[in-house]
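Remarks on the structure that follows.
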Amino acid sequence: AGGKVIAAASLVDRSGGSVDFKVPFYPLVELSFPTYAEDELPPELAARPVTKPGSRQD
């Protein structure tokens, strides 16, 4: 009880700097992934089959 958050940390920051924790933020690594509208996919990506990421086999 009575603790105060003085910083936040994570292994990977994929937010592109869009998250504001109101305290200093220290990620181990920052990764940026491009996103595309469905009708604006580059041809080399559109040619690849879509797969569901993760380990669940639903």
Checklist entry - Across segment 22-58, what is the number of residues that are modelled with pLDDT under 95, part of a loop (DSSP other than H, G, I, E, B) and within 20 Å of the chain's Cα centre (by Cα)? => result 15
Checklist outcome for this item: Checked A47, A37, A1, A9 against criteria (free of Cβ contacts under 8 Å to residues at least 40 places away in the same chain and surrounded by 10 or more Cβ atoms within 10 Å (Cβ to Cβ)); the one match is A9
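The values are calculated or read from the model by the stated rules, or taken from the named source; none is laboratory data. Bear in mind that the values here come from a model prediction, so they are computed numbers and not experimental data. No Cβ is skipped: glycine too gets one built from the backbone with ideal geometry, and neighbour counts run over all protein chains shown.
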